[in-house]
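Inspection log for the structure reproduced underneath, given as C-alpha cells.
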Amino acid sequence: MVESIQVLVVLLVVLAAATLLAARLRIPPSILLVLVGILLALLPGLPSVQLAPEIMLLLVLPALVYSAAVAMSWREFRFNLRPISLLAIGCVLFTTLATAAAAHWVLGLAWPLGFLLGAIISPPDSIAPLAIARRMHLPRRILVILEGEGLADDATALILYRFAVVAVSVGAFSLRHAVVNFLAVLLGELLWGVAVGWLMLRLRRWVREPRIEITLSIITPYLAYWPPEHLGGSGVLATVTAGLYISWNGLRLISAATRLQGVFFWDFLIYLIEGMVFLVTGLQVRPLLAGIRGYSAWDLIDWAALVCAVVILARFVWMYPATYIPRWLSASLRQRDPAPPWQWPFVLAFTGVRGVVSLAAALSIPLATDSGAPFPERNLIIFLTFAVILVTLVGQGLALPRVIGWLSLASAGDSERREEREAEYAARREAVRAALERLEQIRQQRSLDAQEVQSLRERHLGRLAHAEQRVDGDETHRELSRRDEALEAILIAAERDRINELYRAGELMDEPRRRIERELDLRDAQLANLRDEP
C-alpha cells in the first residue's frame, strides 16, 4: 500500500514536470507523457506500473467523454452531424474492415481476430490533435468535427469490439444479429442518455447547493455509462447524449455559483486523468515486451509497419469520398453546405491519432475463450495496438504543425475568431442596454430619485463604453483598452498586496480575506478572458 502511494506521488511529480516541459516545447503534453512513460518503463529497478483495463473503461472513460460532451456546443454538433457521423461510424467501420482484411491476408490471422484488431485500433483520439489545432487557429468547423468525432467514435468501436470478442470466444458470428443489436444499442443509449441528463439537471436545480450539485455532476457520467455497458452496449453514446443534453439546457438550470466552482473542478480533474493515463500508457512497454518474446523481432516490426500503414491510409481513402460524393449526389446539400477546399479533408485525415481507449480495449481482451482455451494471439494484438498508438500519437502528432503550415491552414481561423469576438461584444452591449432599460423602468415604477440609481447607471455606462471600445475599428481605441487592462491588473495586484499585509498584521480575519480574494480572483479571470483575443 505504501509503495503504491509512493509510486502515485512520483507519477504526479512526473506529470507536473512533463506538462511544464511540454508547454516550453510547445507540443501537446500527451505526446511527451507517453515518451516519458516509455523511458521510465525501460529504466531498470523501477517498479512495474500496469494499466488496469476495467479502471480505464469503467472509471476513466466516462469522465473524459462526459466532460468533452458538456464542453461541446449542441448547436454546432447538430449542424455538423453528417460529417461527424461519416467519421465516427463510417470511417470506424471502414478502418475495421481494412485492418481485418490486411490482418487476414498478410498476417494470417483468422477473420474474427482481424475484426477484433480493427475494432480496437479504429477509433482516433482527438486530445493531442485538438491541442495543436486550437493553438494554430484552424477554422472552427474543423475543430468541431474533430471534437464531435472524438465523442462518438468510441461508441462505434467498442460495440464492434464486443461483437468481435464474442465471435472469437464462441466461434460463431451472425451478421444479421450483429446489425440488429447495433441499432438497438444506438437507440437504447440515446434514450437512456437523454433520461439521465433530464433527471440530473432537475435534481441539481432542486438541491441548489454547489457542493452537492458538483457531486451529482460526478455521478452523472457513471449513471449514464454503467447500465448500458453492463447490458452489452458501450455506454459511451449514452454518456455523450447526457453531456450534450446538459450542455444545451444547463444554462437555465445550473446556478452561477455551481458553474464557477464546477468549471475549475472539472478542468483540474480532466487534467489529472488525461495526464496520468497517457503517462501510464507509456509505462505499459515493460509488460508488453515480456508478452511478445515468442515472436521474431523482424516479424513484429514488419507487421506493425503494415498495420500502421493500413490504419493511416484507410482514413485518407475514406475522407475524400465521404467529403465530396454526398455533395456531388445532392444539389441541395451543395447549396446549403458548399464543398470545402481539399486542405480541410487532408488535415482531418492526418489527425487520425490513436490513444488510450484503443490500449484499454486491447488490454481488456479475455485471457481465455468460452471453451477454456487461451485467447488466440492476445499478446500480438496488444503489441500491434501499442505500435499504432506510438506511431500515430508521436509521429503524426509531432508532424501535424508542419502539415498544417504546409497546407496554409495556420491562422486560417483568425477571421472567424475576430467575428466571434465582434458578436460577443455586440451581445455584451445589448445586455448592458437591457440592464439600463430595466433600471429605468424600476426607477419609474418605484418613484425613485435619479440620484438613488446614479451609481448603478454610471457603472453600467462604463461597462457599455468598454464593450464599444473592444470592437472599435480604431487601433488607438484598442490600444487604450489594452492599456486599461494592464493598469487594472497592476491595481488588482496592489489591492491583493495590501489585503495580505492587513491579514498578516492581524487587522483582517481569515473569512473576510477569503471573500475579498475571491472577488479579486474573479476580476483577474475577467481580465484574462479579455486578453484572449486575436
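The values are calculated or read from the model by the stated rules, or taken from the named source; none is laboratory data. Remember, predicted model here, so these are calculated numbers, not experimental data. Cβ: placed from backbone, ideal geometry, glycine included. Neighbour counts: every protein chain shown. These accessible areas exclude ligands, DNA and RNA; they are computed on the full protein's heavy atoms, side chains included. Shrake-Rupley method; radii C 1.70, N 1.55, O 1.52, S 1.80 Å.
Before moving on, here are some points about what is shown:
- Computed over the chain, the per-residue total of -39500 (n - 2.57) for DSSP H runs of n ≥ 4 gives a 222 nm mean residue ellipticity of -26000 deg cm²/dmol, rounded to 500.
- Contour minus Cα-Cα distance for Glu209 and Leu231 (0.36 nm per residue): 4.6 nm
- Inter-site label distance for Leu491 and Ile5 at 7 Å from Cα along Cβ, in nm: 4.8
- Principal axis dimensions, largest first and in whole angstrom, of region 36-98 by Cα: 53, 33, 22
- The Cα atoms of region 152-295 cover 57, 41, 19 Å along the three principal axes, with the biggest extent listed first.
- Label-to-label distance for Leu527 and Leu21 is 3.3 nm, based on points extended 7 Å past Cα in the beta-carbon direction.
- Computed from the C-beta positions of Asp267 and Arg135 and an R0 of 22 Å, the FRET efficiency is 0.80 to the nearest 0.05.
- For the chain, the extents of the C-alpha atoms along the principal axes are 87, 66, 48 Å, listed from largest to smallest.
- A 1.4 Å probe run over the chain, with the rest of the protein chains in place, finds 51 Å² accessible per residue.
- Rg followed by Dmax, in Å, when region 104-184 is reduced to its Cα trace: 16.5, 49
- Overall form of region 218-341 per C-alpha gyration tensor (a/c, 1.5; a/b vs b/c): oblate
- Its residue count N sets the reference 2.2 N^0.38 Å, and the alpha-carbon radius of gyration of region 262-396 equals 1.40 times that reference.
- Sorted into 5 angstrom bins from 0, the C-alpha pair distances of region 63-132 split as 3, 15, 16, 19, 17, 11, 9, 6, 2, 0 percent.
- Spin-label model, Leu190/Val317: points 7 Å from Cα along the beta carbon direction are separated by 3.0 nm.
- The calculated FRET efficiency for Arg518 paired with Ala110, based on their beta-carbon distance and R0 = 56 Å, is about 0.35.
- Equivalent-ellipsoid semi-axes of region 360-441, from the Cα gyration tensor, Å, largest first: 55, 25, 6
- Once the Cβ-Cβ distance of Arg336 and Met509 is raised to the sixth power relative to R0 = 41 Å, the FRET efficiency obtained is 0.10.
- Evaluating 6.51 cos²θ - 1.76 cosθ + 1.60 at θ = phi - 60° for every residue in region 488-499, the Karplus couplings come out as 4, 5, 5, 5, 4, 4, 5, 4, 5, 4, 5, 4 Hz, glycine and proline recorded as x.
- Peptide packing for 85-93, 297-305, 397-405 was compared via the average number of neighbouring C-beta atoms within 10 Å per residue; ordered from the highest value, the list is 85-93, 397-405, 297-305.
- For the chain, carbon and sulfur atoms together expose 64% of the accessible surface, with a 1.4 angstrom probe and every protein chain in place.
- Taking Cα atoms only, the orientation of helix 297-329 departs from the longest principal axis of the chain by about 60 degrees.
- Karplus-derived 3J(HN,Hα) values for region 358-364, using 6.51 cos²θ - 1.76 cosθ + 1.60 with θ = phi - 60°, are 4, 5, 5, 5, 5, 5, 7 Hz; glycine and proline are entered as x.
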